[in-house]
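Each remark here refers to the structure printed beneath this line.
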Amino acid sequence: GFGKSTWSLKQRFPAADVCGVDFAAPCLELAARRAGERGLAITFRQADAAATGLEAGSVDLVTSTMFVHEVPSDVLPSVFAEAARLLAPGGLLRFLD
């Protein structure tokens, strides 16, 4: 997406490392520009949600907004497995769709 859901996380938790992931480069470019306009230091990464390339156990929260309904049903298990793989012990998964 264009990063809107990352803004509130970074504003609420300014010391947190917030990373937005999307497959589409144009969306990421827009997200980075809009975050920069708001003075928000957010990282954006072009990747497949089923294989992000991020380190296992490296995040405390994995979330998505208006994404799950866009994913083909045969790919969803891989997306959920990747999300779970990324979580540190005690981490949270939150999907808004």
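The values are calculated or read from the model by the stated rules, or taken from the named source; none is laboratory data. Values in this document were obtained by computation on a predicted structure and should not be read as measured data. Note that we place each Cβ from the backbone using ideal geometry, even for glycine, and neighbour counts take in every protein chain shown. For the accessible areas, the whole protein counts, side chains as well, though only heavy atoms, and no ligand, DNA or RNA atoms are used. Shrake-Rupley method; radii C 1.70, N 1.55, O 1.52, S 1.80 Å.
Worth a mention:
- Cβ-defined net charge surrounding Ala35, 12 Å radius [Lys, Arg +1; Asp, Glu -1]: +3
- For the range 63-79, putting each phi into the Karplus relation 6.51 cos²θ - 1.76 cosθ + 1.60 with θ = phi - 60° gives couplings of 9, 9, 10, 6, 10, 4, 5, 7, 8, x, 4, 6, 9, 3, x, 5, 5 Hz, in residue order, rounded to whole numbers and with x for Gly and Pro.
- Sequence-distant contacts, meaning Cα pairs under 8 Å at least 6 residues apart, place the relative contact order of the chain at 26 percent.
- A Cβ-based charge dipole, computed about the Cα centre of the chain with Lys and Arg at +1 and Asp and Glu at -1, lands at about 420 debye.
- With every protein chain in place, the chain: carbon and sulfur % of accessible area (1.4 Å): 57 percent
- A crude spin-label estimate for the pair Asp48 and Ser78, with each label 7 Å from Cα along the Cβ direction, gives 0.4 nm.
- Note that the chain, at 4 °C in a medium of 1.567 mPa s, gets a Stokes-Einstein diffusion coefficient of 94 µm²/s from its Kirkwood radius over C-alpha pairs.
- Probe 1.4 Å, protein heavy atoms only - accessible area per residue of the chain in square angstrom: 64 Å²
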